[in-house]
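Undergrad: Handing you this structure, nothing more for now.
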Amino acid sequence: MTKKWMKVLALLLAAALIVSVGVMQLVQAQETSSSEQEEEENSFMPGDVNGNGEVDIGDARLVLQHLVEKITLTGLPLIAANVDSKGVSVSSARLILQFLVDKIDGFPDAEYPPEPPDPPDPPDPPDPPPPVDPINPFAIEAADYDEANLSETVVPNELAADFTSIGGYFMPQDYMVYKDVDFGEGAYRSLMLLISSEFDQSESLIEVYIDEIDPENLIATVKPPKGTKDEKVFLESYAAVKSVSDIHDVILFFRDGMDINIDFFTFSTYTGTETPVQKYERMTWFREARFGQFIHFGPYALPGGVYKGVNVGGNGTEWIMQLRNISKTDYAKDIAKPFNPTEFDAKGIVDLAKAAGQKYIVITSKHHDGFSMYDTGIRTFRDYKLNGYGDYTGPDIMAELSRECREQDVKFCVYYSIPDWYDYSQYSWNNMYPQHKDEYKARMKGQLRELIEKYDPALIWFDMGGDKGWWGATDGAELYKYVRTLNPGIICNNRLFVESNKSLGDYGTPEQTIPSGTQNYDWETCMTINDSWGYKSYSAASSWKTADNLISNLVDTASKGGNYLLNIGPDGLGNVPEISQQRLKDMGAWLDIYGDSIYGTGQSCFTSIREGHKATVKDGKLFIFVKSLPASGAITIPLPENEILGIKDMRSGTALTYTVNKSEMVIQTAGIVAHPLYSVVEIAVEGYPEAKQHINFARQATNVLVTNFYQGNATYNGWKAIDGDLDTRWATNDNTSAATLELRFDAPVTVDTVFIKHYTGTNNWTHAFRIEYWKDDAWAVAYTGGNPGEEIWCEFDAFTADRIRLNVTDTKNVSIYEFQLYMMRD
C-alpha cells in the first residue's frame, strides 16, 4: 500500500472513530461486562485486525462495518435521535459510516473474492392466457413502488385482502415513488388510498407530489382514517386532487411518523357527486338497451332443486342451501365440490343473447351460497371458488364470458350477493357476527376490485342489501363510492342500499312484476322464464312463460320506461335448457322486425290508450303496439301535440290512412300485416313526441266521499284515486260487494269521457258499475259498464255537474288506481 493511500485510510478511520464515539453512547442497548467492553474497545482500534502483519484495507473495512452493524434503533423511541448538540441523527451517522465503507470499496490494490457467476437463465414460462384489459390502470399497489426511502420497520405484508399491502412505522420524511403514471388530459379530481391501522392516525398527513418533493408539486393531502383495531380492515381515505395532465412520477411522502398499512391507491374522475347531465350520459347505454339476459349459475345448478331425493318445494332452487337447511360442510362436500360445468360455452351463451335481441348480460359472480364463480385471489374467498376448489379444471368462465361479450358488442355485467352463507363471518342465513363485519366488508371490496379490473363489467347487480339487520344504507353508500371511484362509469342498482327505496342507487329493481304506471326514475324488472332463477330439474310445462307472455312483458316494460332482464338458469354442466333457448329465439325473431320500437325508446307520452294499446317514443317517432287488430278496423289513440308526418305498419312498411279530431287520432288498420304476438304502428312526427294536453277535471275536486277505505288507513283513502299517480289507489274493506266514489266540485264541470284503472287480483274484481252525475236532486246515469278489466275508457254524451260518482254495483273489494274525467270531443 502506498503512503498516499495509507494517509487517506488513516483520515477515514479517524473520521469513523469520531462519529462512532457519539453514536455508540446513544445506541448501546444494554450494559456489558468490563471485559466485554475492553474487548469491544480494542476491536475499534485501527491495527492488524486480520493478523497478517500490517494494517490494510481489509482491516479498515472490518472496523467500519463493525461500527455500522452496532448502530441500530434497538431500545430507542421511533423518532429521530441526536448524536451530539449539533443534531446529527442516528440514521445520519449510520449513513456516514456506510458511505465510508462504500468508498473503501474503490481503493486501488484491493483484493476481493471473485464475483459469483450469474445464475443460468430460468426456462421461459408458458404463455399466459390472453389478459382482460383492466378498466382502471391507476389502481396502483402501494408495495409496487419504483424507488423509496423507507425505515427498516416498513415492509411488505399480507394484511390486505389480496395479500399485497405494505406497512409498519413510517418515519418522518419517508417516501415511495411510482414512476410514469399517466394522468391523461387532466380529468382526475380525486384520490382514494386504502389504509389500515390499529391506532388512530387521523392527525397525521400523507402528502402526494408529482416528480419531486416541492411545495409547487403538491397535488393532494391525505388524512388516514381513525384506527380500525384490526389491521386487516382497510378503509378508504379520499382527497381532492389538483388537476394534472400527461405522465409524471407520483410520490407518497410521509411528513409525519405514522404506524399504518397501505393496500393500494387510485386516481379518479369521480368525486362522490355528479350532475343530472353526467348521470344521464352514464346511464345512456342502459336506457337504450331495454332488454337484457340474467344468468343464475352456480353449484346449486347441479342438484337442480333436489337434495337427497327431496325437492326444495316452491320456487328458487338457488336457495336450496337454506330451503333444505344444508350445513356449510355438507353443501361444500355434496354440491360445490362435484359441481363441474365442463359444457359451459361462453360463446354459445352470447350467441343466444344476440339471437334473442338482448343487449347486456348479468351473470352471478357470487350468489348467497358464497361460492365464487371466477378465479378470485381474495383471502378466504379464494379457498371456495370454481377454479380450484372442486372437480372443475376448466377456464375462468367469467373471463371467457367477458371476453366474448366484448367481441360481440354485448355489455358484460355481474351480479354480486352482499350476504355470504358460507363465510365464517355469518350464520343462520344472512346473520352477521358483529365483530367480523368490517373485515368481511374489506374482503368484499377486494373481490369487487377484482371484478372491475379483471372483467370490466358495465354494471354490478347487487342483491340482498336491506334496511334491516347488519347491512344498511350507510354501508351501501360506502361501497357505492368505492366502486364508482374505481370505475366512474359503472352502474349499480338500488339493492346495494335499501331495496324498498327506489331513489337510492342508479335504478330500481322490481322483481317478477311490472309497475302499474310510468316511473320518474330508471328501473329494470327482472323475471324468470319459468318459476325459478336457478336450474330446476322438475319444472312443470305450465310454469314456462310463452313467447306471447314474454313479448307482452317486454312491451309493457318499455312503454313505462323500464328495462326487461330475463333469466336463464343453465344446468349443472352449463347447458341452457332447450325451452329457454326457444323462447329467447322467438323473442329475437319478433325484435328483428320491431326492434326499433323497443331499443332506445322512452316511456309512452300518453297516460293510457284505449283498448289496452301501448306506446313508446323516440325523437321523431311514436310507436303504437297493437295486441290484436280491432274488429272495427280502426285504432283510436290520443292525439299527439306534434305535427304528423306519416304513419306505417312496421312489418310491411305499408302507409296507413288516418283521421284527426279535436283530441284523438283514428288509424285505419287496413294495410297492417298482423303479427301473432304484437303488431306495431310507426308514426313519424316532428320533434320528440308529446301528448296533447287535456284537463283531468277529477283533479279539481274539492271533496271526495267513499263508502269505506281499507281498515281506515289513509294510504288507501278516496283521494288516492284522483291524485294522478298510477301507483297509489283507493282500496275498500274486505267483504265489500258494492261501493261508491263521489267527487264534489266548487263549480260545475263538463265532461264526456272517464278513464278508470283498476287494481285486479283474486280478491279484487268488478262485474258491474255506472258513471253517474247529480241532476235535479237525483243521480242520473251517463254510462253503464261491466267487467272493465285493468283499464277502461268510458265515452258518453257530455254533461255538466258539480257532483260526479263511480257507482260500483257488483264487486269484490273494489280497488281503483285512477278515476279521471275529461272533455275529449267537440
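Undergrad: Say R0 is 56 Å: what FRET efficiency, to the nearest 0.05, do E790 and W429 get from their beta-carbon distance?
TA: 0.90
Undergrad: Whole angstrom only: what separates the Cα centroid of the stretch 527-559 from the Cα centroid of the stretch 153-194?
TA: Computed from Cα coordinates, the inter-centre distance equals 49 Å.
Undergrad: So how do 180-190, 495-505, 521-531 stack up, highest first, on mean other-Cβ count within 10 Å?
TA: Result, highest mean Cβ count within 10 Å first: 521-531, 495-505, 180-190.
Undergrad: Could I ask something else about it? Please give the direction-averaged projected area of the C-alpha convex hull for the stretch 658-728, in square nanometres with one decimal.
TA: The number I arrive at for the stretch 658-728 is 9.0 nm².
Undergrad: Something else now. Sort out for me the Cα centre separation of the stretch 492-507 from the stretch 330-347, rounded to whole Å.
TA: Rounded to whole Å, the Cα centres lie 31 Å apart.
Undergrad: Then there's this: Round to the nearest 0.05 the FRET efficiency obtained for N661 and D351 when R0 = 41 Å and r is the Cβ-Cβ distance.
TA: 0.25
Undergrad: Hey, another quick one. Suppose each label sits 7 Å from its Cα in the direction of the beta carbon; what would the A670-D734 distance come out to in nanometres?
TA: It works out to 5.6 nm between the two label points.
Undergrad: Here is a follow-up. Note down the net charge around G304, summing +1 for each Lys or Arg and -1 for each Asp or Glu among other residues with Cβ under 9 Å from its Cβ.
TA: On the way: positive: K536; negative: D571.
Result for the local shell: 0.
Undergrad: Label point 7 Å out from I213 along Cα-to-Cβ: which residues of the stretch 157-188 have amide N under 18 Å?
TA: The answer is 167-179.
Undergrad: Next question. Could you check the spin-label model distance between D182 and A747? Points 7 Å from the Cα along Cα→Cβ, value in nm.
TA: 6.9 nm
Undergrad: In nanometres, what is the gap between the two model label sites at A798 and I247, each 7 Å from Cα along Cα-to-Cβ?
TA: With each label point 7 Å from Cα toward Cβ, the separation is 7.6 nm.
Undergrad: All other residues with a Cβ under 12 Å from the Cβ of K229 taken together, and with Lys, Arg as +1 and Asp, Glu as -1, what is their net charge?
TA: Numbers: positive: K226, K232; negative: E198, D200, D230, E231, D438, E439.
Charge balance in the 12 Å sphere: -4.
Undergrad: Can you tell me which of 668-675, 399-406 comes out highest on packing, and rank the rest after it, using the mean Cβ neighbours within 10 Å?
TA: 399-406, 668-675
Undergrad: When a/c reaches 1.5 or more, the comparison of a/b and b/c decides; with that in mind, is the stretch 234-379 rounded, prolate or oblate per its Cα gyration tensor?
TA: Cα axes put the stretch 234-379 in the oblate bin.
Undergrad: Further question: On each of the three principal axes of the Cα atoms of the stretch 643-692, give max minus min coordinate, whole Å, ordered largest first.
TA: 31, 21, 18
Undergrad: Lys and Arg at +1, Asp and Glu at -1: add these up for the other residues within a Cβ distance under 12 Å of Q435 and post the number.
TA: Once all neighbours under 12 Å are counted, the net charge is -1.
Undergrad: Given the peptides 759-767, 297-305, 367-375, arrange them by the average over their residues of other C-beta atoms within 10 Å, most packed first.
TA: Working: 759-767: 14.4, 297-305: 27.1, 367-375: 24.1.
Top to bottom by mean Cβ count within 10 Å: 297-305, 367-375, 759-767.
Undergrad: Okay, moving on. Taking amide H atoms as placed 1.01 Å from N in the peptide plane, list the residues 5 or more away in sequence, or in a different chain, whose amide H sits under 5 Å from that of L656.
TA: For L656, whose amide H was placed from the backbone, the distant partners under 5 Å are I647, K648, D649.
Undergrad: At 1.4 Å probe size, with no ligands or nucleic acids counted, give the accessible surface of K812 in Å², nearest ten.
TA: For K812, the solvent-accessible surface is approximately 80 Å².
The values are calculated or read from the model by the stated rules, or taken from the named source; none is laboratory data. All figures in this text were calculated on a predicted structure; none of them were measured in a lab. Because the Cβ atoms are built from the backbone with ideal geometry, glycine has one as well, and the counts that use them run over all protein chains shown. SASA here: full protein model, heavy atoms, side chains in, ligands and nucleic acids out. Shrake-Rupley method; radii C 1.70, N 1.55, O 1.52, S 1.80 Å.
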